[in-house]
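S.K.: Quick one: the structure is below, questions incoming.
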Amino acid sequence: MKQTIYLAGGCLWGVQEFIRHLPGVVCTEAGRANGTSHILNGAYDGYAECVKTEFDPDTISLKQLLSYFFEIIDPYSVNKQGEDVGEKYRTGIYSTDPKHLAIARRFIYARADSDKIVVEVLPLTNYVKSADEHQDRLTRCPEDYCHIPRALLDKYKTH
C-alpha cells in the first residue's frame, strides 16, 4: 500500500526531477505546503515549494527516501537552496501521518550534526498542487535553472 510524504528542498522543479526517478517512488506532484494565508493572485504567502511523493514502502523505506532527499538539500541553510532565496525555498518534511514525522525526526537526530539542521518536520496543514507548467518542468525543459547539479539529478535515472 503506497504512502505519501511532502518534501520541500528549494525550487520544486529539481526536487521533483530527482525524486521521481528513485526506486520505489510511485508518483510525484509539484506543489506548495503549509502556507500561512489564502492564495491571492498567484501569490503563495508562507508556502514552501514541495513535492508530494507517493512511495511503495515495500520497495523503499521512508528512511531510505529521506537519505536520498538529504543528498540534494543543504540542511543547514535557512530559506535558501542554491541561488533560490526566500521563505518558499525552505526545507521541510511534511506529512499527515504522525509515524512519518517520528521517523523523520529520528532520522535527523541520528545525524552527528543534528543540532545544526534546520529542516522543518511538521504536520501537513495544507497543500496546493502547482500549475501544470510546473509539473515535471525539468523533464520538459532540461535547460532551465536548477540548484541541484545535473550529475546529481541524473544519478538515479535508469532510462
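S.K.: Would you mind computing, in nm to one decimal, how far apart the modelled labels at Asp144 and Ala102 are, each placed 7 Å from Cα along Cα→Cβ?
M.R.: In this crude label model, Asp144 to Ala102 measures out at 3.8 nm.
S.K.: Continuing with the same structure: Which of rounded, prolate, oblate describes segment 82-159, given a ≥ b ≥ c as roots of the alpha-carbon gyration tensor eigenvalues and a/c under 1.5 marking rounded, otherwise prolate only if a/b is larger than b/c?
M.R.: prolate
S.K.: Could you give the nm distance between label points at Lys129 and Leu152, where each point is 7 Å from its Cα heading toward the beta carbon?
M.R.: 2.9
S.K.: Would you kindly state how much longer the chain becomes between Ser61 and Arg111 on full extension, computed as 0.36 nm times their sequence separation minus their alpha carbon distance, in nm to one decimal?
M.R.: Here the answer is 16.2 nm.
S.K.: Quick one: if the Förster radius is 22 Å, what FRET efficiency do Val118 and Asp45 give, using the C-beta to C-beta distance and rounding to 0.05?
M.R.: 0.60
S.K.: Sum -39500 (n - 2.57) across every DSSP H segment of at least 4 residues in the chain, then divide by the residue count to get the 222 nm mean residue ellipticity, nearest 500.
M.R.: After summing the helix terms and dividing by residue count, I get -6500 deg cm²/dmol.
S.K.: Same structure again: Which residues make up the longest stretch of the chain clear of GluC sites (Glu not before Pro) that lie in a DSSP loop with no more than 15 other Cβ atoms within 10 Å, not counting the sites?
M.R.: By the stated rule (loop sites, at most 15 other Cβ atoms within 10 Å), 1-82.
S.K.: Still on this structure, please answer the following. Long-range amide H contacts for Ile60: which residues qualify at under 5 Å (H placed 1.01 Å from N, peptide plane, sequence gap of 5 or more or a different chain)?
M.R.: The list, which skips near neighbours in sequence, is empty: none.
S.K.: Taking amide hydrogens as modeled 1.01 Å from N in the peptide plane, which residues meet the under 5 Å criterion relative to Asp136, leaving out close sequence neighbours?
M.R.: Close amide H contacts, sequence-distant or interchain: Ala30.
We did not get these values from a lab; they are worked out from the coordinates using the rules stated. This is a predicted model, so every value here is computed, not measured. Ideal geometry is used to build each Cβ from the backbone, glycine not excepted, and the neighbour counts take in all protein chains shown.
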